[in-house]
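Values quoted throughout were computed directly from the atomic coordinates according to the rules given, and no laboratory measurement underlies them. Please read all numbers here as calculations on a predicted model, not as lab measurements. We place every Cβ from the backbone using ideal geometry, glycine too, and count neighbours over all the protein chains shown.
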Amino acid sequence: MLDKESLNQYITKIQSNKENNIQFNNIQMDILNCKIILNHFNTRYLDMNAHDTILNVNQFFKLITDNSTLINNKHKRFIVNAGDGRTHFAAANVFKDAHNNISVIFVDSSLGHNQWIFSILHVLLNNVSNIKTLYIYNKIQNSDGDCLLFSLHFLKKMYKYRDHFESLHQDIFHNRIKFTREENEPFDPKIELPNEQLEQARVVYLNKAIKLLPIDFFKHAHSIKPINTYLENHPDETRKKVNKWQGGETLIDRYHRHKVTRMIKQQTYNNAIEEKQRTYSNSIEEKRLSLAQAALRWLGE
């Protein structure tokens, strides 16, 4: 009953914000309901194998290095938090092959200035020879508080494209991925890393994300920029249907259907709060609502 009550309050808040054209920004409600949604995933999708709680980086490290946790030729999926009170989250797909090689592939929706997760993990895994990481920033998030919802979305897509992630596993262990920034990148991270550090930390940005990730990982982009960048590199997917709404929409079509204009409060570098008019897609807010509603229906079954 507590789970139902929590989800009902969550849904009411999401719908209220939607009706008043206000951006949802309540990370505590997201965190509180995340476990229910993860349990729904595990019940609905065979072999989803999502860890049912959010882990900080140190907890995640202990779990994936525990020999009893991972099964050969199986995926396990996680939502990982930077820890120490930080409120940034990323999704991780962990795959262990028949030779006990383990790939840890993160997808992070942010622009690249949240670097705690891969920085801490790089130190922890530095001397673990059978584990290799790949940290992908796909830069579809421009808000302060949606990274947990993007991470839930990524978990579903990691499950859908599990064969693709096994191919990435092979690419990682055969050193086929180049950790270099390319010129003329559409928009740079706020804190740039030189190529040497990218290779050490095994991090890639949008210029590589568009080549490594399937189209569905760009569905809920706040900005049209990463969508255009993806499609410029995959022109054959310009008319590809990415959902079933009214017979299916392209990435561009669904972006425009969800486009809103709002006044958004943002914190500046000197910690002042300023309000600016922004036009962007609120698609991830619709995803938040649909995930909560689906979990509530599941609890009622």
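Order these by the 10 Å Cβ neighbour count, fewest first: Phe118, Phe154, Phe61, Phe173.
Exposure proxy ranking, most exposed first: Phe173, Phe61, Phe118, Phe154.
Counting DSSP beta bridges with both partners in the chain, what percentage is antiparallel, nearest 5?
Taking every DSSP beta bridge with both residues in the chain, the antiparallel ones total about 65 percent.
Measure off 7 Å from each Cα along the Cα-to-Cβ vector at Arg44 and Gln170, then give the distance between these two points in nanometres to one decimal.
So the label points at Arg44 and Gln170 sit 3.1 nm apart.
Which percent, nearest 5, of DSSP beta bridges in the stretch 26-158 are antiparallel? Before the final figure, lay out the partial values.
Details: 14 of 24 bridges.
For the stretch 26-158, the DSSP antiparallel bridge percentage is about 60.
Distance check, please: which entries in Lys208/Lys259; Lys4/Lys287; Lys157/Lys287 exceed 20 angstrom between their Cα atoms?
Violating the 20 Å limit, Cα to Cα: Lys208/Lys259.
Quick one: putting +1 on the C-beta of Lys and Arg, -1 on the C-beta of Asp and Glu, what dipole do you get for the chain around its Cα centre, in Debye to the nearest 20? Spell out each step's value before the answer.
Numbers: 40 positive and 33 negative charges, 122 e Å.
About 580 debye.
So for the chain, averaging the separation of alpha carbon pairs under 8 Å that are six or more residues apart and normalising by length, what relative contact order in percent results?
Relative contact order of the chain: 17 percent.
Choose one answer from Asp108, Asp84, Asp144: the residue with the largest mean-square fluctuation in a GNM of the chain with alpha-carbon springs under 10 Å.
So, out of Asp108, Asp84, Asp144, the one fluctuating most is Asp84.
What is the local net charge at Ile224, summed over the other residues whose Cβ is closer than 15 Å to its Cβ (Lys, Arg +1; Asp, Glu -1)?
My count for the surroundings of Ile224 gives +4.
For the chain, modelled as a Gaussian network with Cα springs under 10 Å, which listed residue fluctuates most, Leu124, Leu251, Leu46?
Of Leu124, Leu251, Leu46, the most mobile in the Gaussian network model is Leu46.
If each of Gln266 and Ala294 carries a label point 7 Å out from its Cα toward its Cβ, how far apart are those two points in nm?
Computed distance between label sites Gln266 and Ala294 equals 3.1 nm.
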